[in-house]
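Worksheet: the structure to be examined is printed underneath.
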Amino acid sequence: MKIGIYGGTFNPPHLGHLAAARTAVDVLGLDKLLIIPDAIPPHKELPEGTPNPEHRLAMAAKMADVLLMPEVAEASPMELDRAGKSYTADTLAQLKEEHPGAELWLLMGTDMFLTLHLWREPERILELAGVCAFGRTEQDGEELFAPQREHLQKAYPRAKITTITLPGLVDVSSTQLRELLARGGGGEYLPPSIYGYILRNGLYGTCADLKHLDIPELRACSYSMVMEKRVRHIRGTEEEAVRLARRWGAGEDMARRAGILHDCTKYLTGGEHIAICQRYGVPLDDLERAAPKLLHSKTGACMARHIFGEPDEVYEAIFWHTTAKADMSTLEKILYVADYMEPNRSFDGVERLRELAYSDLDKALLLGVEITVQEMEDRKLPVHKNTLQALAWLREHGVTTER
Ligand code: ATP
């Protein structure tokens, strides 16, 4: 088993770190990549305003999630959990003990590679792991790496050293980024989910007014609340909802914002859903109490209204996007249907649903509701009363689907 160890302050993790991690996994053929934020870096002071260890670990975990390699990449708290300075030699020794047969590879950018001989116990480090070094800027070429590689190779003949070129090199440092963030910029150097995490928690001197975010910031906040694998669906729903809003003359901006936020509480636990409903006075029925995961539409609506300051129309559209209900507004129908047939969905009947969505929105809504009811019945699960009321209402009002 090949394990890559990517240590750093990650204060915060940025697109440069991600490009390096992605390439190293591919080039080295890593089975595992451990992203390890240090507690106290031996070679530099943690700057004032550094987020607490929980936030730094959470951002490292987001970095791992953004790579979309669930079996491979993970953040490790091992240095944050260890008292004192975070010496790499200790980390490698601990990993060697935990994974006796594994081949360890230490990943590092130019600045770290060029000073490696000055770290504590370089000999032990190079005995425990191979080193994979990469440039941080276009200027960091062979002429910079070769002398250091030769020097290390001569001093430590058994060392395994490889240098790789990053195709997606991003020339930025966390120091630059912290300055940009404090001045209201920096989003372009961060994966959206990490940018959103920073904004929501007011890290690095950002003091975003969450109730008045622009669209990229709202997307970032929403993505920061979910797993990365869900982002494609959220993006698809946003785009589909906007297209449907144009087709049916509803407010495009509200459709967009509802699409962006509709699943933002998808990964909360049942207890968290119930707590949010209690906090914001949303009544729960027996079915929801028994299966609180059903509540993500209601808790998502609460977040949209109370955290992100969205208007009633957006609140209602998100609130009803899972169960539907009798007598829905155009925006409510749009979000329900967009969520069902956005381009990443694939199931029997989705093409018919896509046609109907643009030719007769009520028929599309009815088809979506019918498919849901059928699915629940097939799985012998109870159907939510609001869904049955939606079905009855549409049929009473003469809507039919010829499938
Ligand atoms: P700071 O500016 O706070 O010193 P940094 O941007 O250098 O931070 P670190 O967390 O110290 O980031 O870096 C962790 C590792 O990532 C180091 O090995 C570093 O060389 C490497 N690295 C940092 N930035 C980049 C980048 N833009 N491209 C490739 N590697 C990078």
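The values are calculated or read from the model by the stated rules, or taken from the named source; none is laboratory data. Treat the numbers as computed from the prediction; the structure is a model and nothing was measured. A quick note on method: Cβ atoms are made from the backbone with ideal geometry, for glycine too, and the neighbour counts reach across all protein chains shown. The area values use the complete protein model at the heavy-atom level, side chains included, leaving out ligands, DNA and RNA. Shrake-Rupley method; radii C 1.70, N 1.55, O 1.52, S 1.80 Å.
Worth a mention:
- Only one of the numbered conditions (1) within 25 Å of A364 (Cβ to Cβ); (2) at pLDDT 95 or above is not met by C302, and that is (1).
- Segment 152-186, subset away from the ligand (no atom under 16 Å from the Cβ) and outside any loop (DSSP other than H, G, I, E, B), residue nearest to S224 (Cα to Cα): Q153
- Within the set T23, T50, the sole residue that is in a helix (DSSP H, G or I) and either in contact with a Gly (Cβ under 9 Å, 6 or more places away or on another chain) or of a type in the set (S, T, Y) (or both) turns out to be T23.
- Against the criterion of being over 19 Å from V27 (Cβ atoms), over 29 Å from the mean Cα position of the chain (by Cα) and not β-branched (V, I, T), A89 qualifies.
- Boolean, P42 is away from the ligand (no atom under 14 Å from the Cβ) and surrounded by fewer than 19 Cβ atoms within 10 Å (Cβ to Cβ): no
- Pairs with Cβ under 7 Å, 6+ apart, first in segment 169-191 and more than 14 Å from A19 (Cα to Cα), second away from the ligand (no atom under 13 Å from the Cβ) and not in a loop (DSSP other than H, G, I, E, B): L181/I198; L181/G205; A182/G205; G187/Y195; G187/P216; G187/A220
- Segment 163-204, residues that are open to solvent by 60 Å² or more (accessible area, probe 1.4 Å) and of a type in the set (V, I, T): T165, T175
- The single condition among (1) touching a helix residue (DSSP H, G or I) at 6+ places or on another chain (Cβ under 7 Å); (2) among the acidic types (D, E); (3) open to solvent by 70 Å² or more (accessible area, probe 1.4 Å) that D140 does not meet is (3).
- Boolean, D65 is within 15 Å of the ligand (Cβ to nearest atom) and surrounded by 19 or more Cβ atoms within 10 Å (Cβ to Cβ): no
- Residue count, segment 199-247 (criterion: closer than 21 Å to P12 by Cα, hydroxyl-bearing (S, T, Y), out of contact with any Ser or Thr (no Cβ under 6 Å at 6 or more places or on another chain) and assigned to a helix (DSSP H, G or I)): 2
- Here I318 meets the list (1) surrounded by fewer than 21 Cβ atoms within 10 Å (Cβ to Cβ); (2) out of contact with any Phe, Trp or Tyr (no Cβ under 8 Å at 6 or more places or on another chain); (3) closer than 26 Å to D285 by Cα; (4) of a type in the set (A, V, I, L, M) almost entirely, failing just condition (1).
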